[in-house]
Each structure stands twice: as structure tokens, then as C-alpha cells.
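Colleague: Would you mind keeping the following structure in view while I ask a few things?
The values are calculated or read from the model by the stated rules, or taken from the named source; none is laboratory data. Predicted model only: the values in this text are computed from it and were never measured. Using ideal geometry, Cβ is built from the backbone for each residue, glycine included, and neighbour counts are taken over all protein chains shown. Note: areas computed on protein heavy atoms with side chains; ligands, DNA, RNA excluded. Shrake-Rupley method; radii C 1.70, N 1.55, O 1.52, S 1.80 Å.
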Amino acid sequence: MIQRLRTLSLGFGLCLASAGLALGVWFLFPSTAARRVIDKAPAELAPIELKGTEGAAPLTVTRIAHATVLLDFDGLRVLTDPWFTEKNHFHQGEPLGIAFKDLPPLDLIVASHAHYDHFDLAALAAYPNKNVPFLVGPDMAPQARAAGFTQVRELKPWESWRQGEFTVTGVPARHKVPELTFMIQAKGRSVYFGGDTLLIPELLQLPKMFPSIDLALLSVNGLSVFGEQVVMNAEEAAELASVLGARVAVPMHYRFVGSWFTDTLVLGRNGTPERFVAAASRLAPSTQVRVLEPGQPQLIR
């Protein structure tokens, strides 16, 4: 009996050692997944005509992947929360709508927080114009400068930055790490970029400060880490769209996948773009919702 127990114990120990070795190799070596780009651009959507914005310039929004969005204010281009590469436990879960090398010249970059999937400095280090203004959230400026960018500004909540036709205001946020979201204004248009914040009371102040919001970019997957929610879910995002009085809302941050380990044991999700559409029809009926495929432009005029 003792010998049998020893044999079973040895076998169990070898199994644990093998599993530990496999897990260790899995953590140490990054994913070799290649960067993916869509084979062809999806068909353009019909323009959204907005009332009460006479004289405002056309605005085009193109979702690239995750929370990476290209905004075009009639020739002034803004890139949000850039993420173009992949590594172990971090995958977009969808093709890139625009490859990094195919980005148009940018007039502004904004990044809400220092998580890799929103602040991909490995990719940004190759961007040729290091003089482009780069607005960041808390404690991110040194990293952006180390990547070579020269016009880096770390905004505080409710602080505004103005340059040329841009006015960008930092908006409070709450996430797993310090974060800032942004109200971006140019050429008569106002866009709220929500990063991946939770729905917090401070956001209820936005309509008083910005009574006309053309577009809200809102995360909807309700991501949780070890059971703690760290991102708005679809219904909360729809509630925020209603509070903002946003004329148009585009959901984002809903295809991200990690790995078997993180998706099974660490992360939870509670929200889809389809749920956001359904919730917005009830909670924000005056908001036009567009679910955009990667690379699909939506013109607002």
C-alpha cells in the first residue's frame, strides 16, 4: 500500500511539474500571431444627417479595432488609444481596419491609460512624425517621450488643451489603472471618447459643460478582472449615451480576447454591440447607433 501511494504521489508530482513547465513556457514566449489586416474595405455607410449643426464640418469615424479609432474632422485626423500589435494574452479578436503603415498623416493622438492594448508604444515608436501632439492620461507622458514624441501633454480632469482648431478636455474616468477620457472638439464638432471607463458620477456633469455632443465612442463589453468590473457593460454605455444626449453612438472594445488562461480564469465579459443596440433603443431613443466593422467609415454631416 505504501509503495502504491508513493507511485501515485510520484505520478501526480510529474503531472504537476509538466503542467507547470507548459504554463511557464506559455507565459514566457510571446504569441507569434501575425498582424492581420482586412482583405477589403467594407462598404461605406450612408451619411448621417444631423440637425442643428449648420456650419459644422463633416466628421468621419472609422473603427480600426478595439478602442483604436480614426476621427477625421474634415481633414484634421485624430487617432485614439492606439493598438496595432499583438502578444501573449492580448489579441484584438478581429482584423485591423487600417494597418499601422497605412495610417494617414495624423494631427493628434490621444491615449486614455497605460494598458498595452490602449497605448501600444512598440508600434508608435515607428510613427515618422514625432512632432504630432500626443495627449495622454495619468503618468504616461514619460513613456511617450521615451518613444520619441516631442509634443506630449498629460491632461488632468477637466483641463483643456487648445491648439489650432482643436480643443481637447480631459474627462474623469475609472478603470483598473489611472485613466482619463477625452472630449475632442474641432470645426464645430464634439466627440466624447470614453476609453474603457466605468460609468461614474463625474460623467453626469458632461451635458452641462458640453450641451451638444455629436458622437460618443463607448466601450460596451463590461470587462471584469477576477470578478471586479472595470469597464462599462452595454446597458451602462446606453445609459451614458442617453445622459450625454449624443446624436450618434459607436460601440467599441468588444472583440478583445486574451488566452485560454486569462479568458477562463481571470477575465469576464458582460456586453456585446448587439446588446448595446437593444439597450440604446430603450434608453437613448434619440441617439443613432452605428456598429462599425473594422475599416468601415461612417460620415456624419
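Colleague: Between residues in segment 159-172 that are over 14 Å from G188 (Cα atoms) and residues that are charged (D, E, K, R) and in a strand (DSSP E or B), which pairs lie under 6 Å by C-beta distance while being six or more apart or on different chains?
Modeller: Every condition considered, the pairs that remain are W161/R153.
Colleague: Shifting gears a bit: Condition test on E274, is it assigned to a loop (DSSP other than H, G, I, E, B), out of contact with any Leu (no Cβ under 8 Å at 6 or more places or on another chain), open to solvent by 40 Å² or more (accessible area, probe 1.4 Å) and of a type in the set (D, E)?
Modeller: Numbers: assigned to a loop (DSSP other than H, G, I, E, B): no; out of contact with any Leu (no Cβ under 8 Å at 6 or more places or on another chain): yes; open to solvent by 40 Å² or more (accessible area, probe 1.4 Å): yes; of a type in the set (D, E): yes.
Taking the combined requirement at face value, the residue does not satisfy it.
Colleague: In segment 277-296, how many residues are touching a Gly at 6+ places or on another chain (Cβ under 9 Å), open to solvent by less than 80 Å² (accessible area, probe 1.4 Å) and over 27 Å from E228 (Cβ atoms)?
Modeller: The number of residues fulfilling the criteria is 5.
Colleague: Which residues, taken from segment 150-178, are closer than 25 Å to A234 by Cα, in contact with a Gly (Cβ under 9 Å, 6 or more places away or on another chain) and open to solvent by less than 10 Å² (accessible area, probe 1.4 Å)?
Modeller: Within segment 150-178, G170, V171 meet the criteria.
Colleague: Does any residue in segment 174-197 that is closer than 12 Å to A111 by Cβ and at pLDDT 95 or above come within less than 8 Å, Cβ to Cβ, of a residue that is among the small types (G, A, S) and open to solvent by 10 Å² or more (accessible area, probe 1.4 Å) six or more places away or on a different chain, and which pairs are these?
Modeller: Pairs found: E179/A173; L180/A173; T181/A173; G195/A173.
Colleague: Now a separate question. For L206, are the conditions met, namely being within 28 Å of A57 (Cβ to Cβ), assigned to a helix (DSSP H, G or I) and not aromatic (F, W, Y)? Talk me through it step by step, then tell me what you get.
Modeller: Values: within 28 Å of A57 (Cβ to Cβ): yes; assigned to a helix (DSSP H, G or I): yes; not aromatic (F, W, Y): yes.
When the stated conditions are applied, L206 passes them.
Colleague: Still on this structure, please answer the following. So which residues in segment 201-219 are open to solvent by 10 Å² or more (accessible area, probe 1.4 Å) and either within 13 Å of the chain's Cα centre (by Cα) or of a type outside the set (F, W, Y) (or both)? Walk me through it before giving the result.
Modeller: Of all residues in segment 201-219, those open to solvent by 10 Å² or more (accessible area, probe 1.4 Å) come to 201-202, 204-205, 207-212.
Answer for segment 201-219, where residues must be open to solvent by 10 Å² or more (accessible area, probe 1.4 Å) and either within 13 Å of the chain's Cα centre (by Cα) or of a type outside the set (F, W, Y) (or both): P201, E202, L204, Q205, P207, K208, M209, P211, S212.
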